[in-house]
Amino acid sequence: MLYIVGLGPGSLDLMSPMAQEVLQKVDTIVGYTTYIKLVKDFIQDKEVINTGMKREIDRCEKAIELAQAGKEVAVISSGDAGIYGMAGLILELLSSQGSDLEVKVVPGITASIGGAALLGAPLMNDFCHISLSDLMTPWEMIEKRLHAAAQGDFVICLYNPKSKGRPKHLEKALKIIAGYKGEETIVGIAKDIGRPKEETIITTIKDLDDRLVDMTTTVIVGNRFTKVYNGMMYTPRGYKL
Ligand code: SAH
């Protein structure tokens, strides 16, 4: 059996009991080194296969091979494995191999959901996820989606907002969004959710200091009605009060 497990954003109390049960019972855990660290308490005498960030295909092929040989294997991703994680890649590989291997996807709390709870209730109305990483999606496509989401006034959760290879992506994305929603739109920044350096900042597109944003940050841009009260960010659902 091949399990694809979402670990949640970092801390054990945000990992589902189902994910913990699976990690306890499998023979082998496969994942990127940083995520293996998150589950170190479950490893004990298990086989661990960890490769660097860019080796996802090798890692998933290896996991499939081991599961086909009869082992109980868990492939792990942070957050939810089906949101910019390993679940889709495993299914793509199985489909290209014509394999009928049994797979179970175990859900996890994704960064936007973990971050939204820290910030208040920014996702109370329609929202979407956009990753600013152009490693696999061309930047033109990302820009097209930013325009469409901003024009529709969706609350927008930005994943992969910044890295060394793409220092300007967040700035460019916010400029596109501000063109539709305005520069006063509320933005919530959730850093290192569920980890020791967890931090949140509520600001506006205009005042956002993008030096505060890094690889383990999720940026939630409100819609035109999103407000701040008492240090919490919220998007009205539409109740008549
Ligand atoms: N599968 C993951 C997302 C992987 S993409 C999930 O469902 O959460 C990686 C991006 O997710 C990061 O660049 C960041 O934007 C976001 N992210 C992942 N973990 C985070 C955390 N603990 N705190 C804040 N953002 C996080």
Completion exercise
In the structure shown, of Lys144/Lys197; Lys175/Lys197; Lys25/Lys104; Lys37/Lys197; Lys104/Lys162, the pairs separated by more than 22 angstrom at the C-alpha atoms are Lys144/Lys197; Lys175/Lys197; Lys104/Lys162
Fill in the blank from the handout: 1/(1 + (r/R0)^6) with r = Cβ-Cβ of Phe225 and Thr34, R0 = 35 Å, i.e. FRET efficiency to nearest 0.05, evaluates to 0.45
Problem - Share, in percent, of DSSP beta bridges within the stretch 2-106 that are antiparallel, nearest 5 - result: 5 percent
Exercise for the section: Could you work out how far helix 169-181 tilts from the main Cα principal axis of the chain, as a 0 to 90 degree angle to the nearest 10? Expected result: 50 degrees
Fill in the blank from the handout: In the neighbourhood of Ile142 defined by beta carbon distances under 15 Å, the net charge of the other residues (Lys, Arg +1; Asp, Glu -1) is +3
Handout entry: Net charge dipole size for the chain [Lys, Arg +1 and Asp, Glu -1 on Cβ; Debye, nearest 20]
Key = 680 debye
Completion exercise
The size of the Cβ-based charge dipole (Lys, Arg +1; Asp, Glu -1) of the stretch 145-241 about the Cα centre, to the nearest 20 debye, is 260 debye
Problem - Listed residues Ser96, Tyr84, Ile156: farthest to the positive end of the dipole of the chain (Cβ charges) - result: Ile156
Exercise for the section: Over 16 Å, how big is the tail of the calculated P(r) for the stretch 37-115, in percent of all Cα pairs? Expected result: 55 percent
Exercise for the section: Enter the Cα centre distance for the pair the stretch 167-241 and the stretch 81-129, rounded to the nearest angstrom. Expected result: 22 Å
Problem - Whole-Hz ³J(HN,Hα) from phi, Karplus 6.51 cos²θ - 1.76 cosθ + 1.60, for the stretch 163-168, glycine and proline x - result: 7, 4, x, 9, x, 9
Practice task
Report the charge-dipole magnitude of the stretch 165-210 in Debye, nearest 20, computed about the Cα centre from +1 at each Lys and Arg Cβ and -1 at each Asp and Glu Cβ.
Solution key: 260 debye
Exercise for the section: Report Rg/Rh for the chain, rounded to two decimals, where Rg is the Cα radius of gyration and Rh the Kirkwood radius. Expected result: 1.01
Handout entry: Volume per residue of the C-alpha convex hull in the stretch 99-225, rounded to whole Å³
Key = 141 Å³
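I need the calculated FRET efficiency for the pair Leu93 and Leu241, taking r as the beta carbon distance and R₀ as 41 Å, to the nearest 0.05.
The calculated FRET efficiency here is 0.20.
Each reported figure results from applying straightforward, stated rules to the coordinates on display, with no laboratory input. The model shown is predicted, which means the values in this text are computed figures rather than measured ones. Positions of Cβ are backbone-derived with ideal geometry, glycine not excepted, and every protein chain shown enters the neighbour counts.
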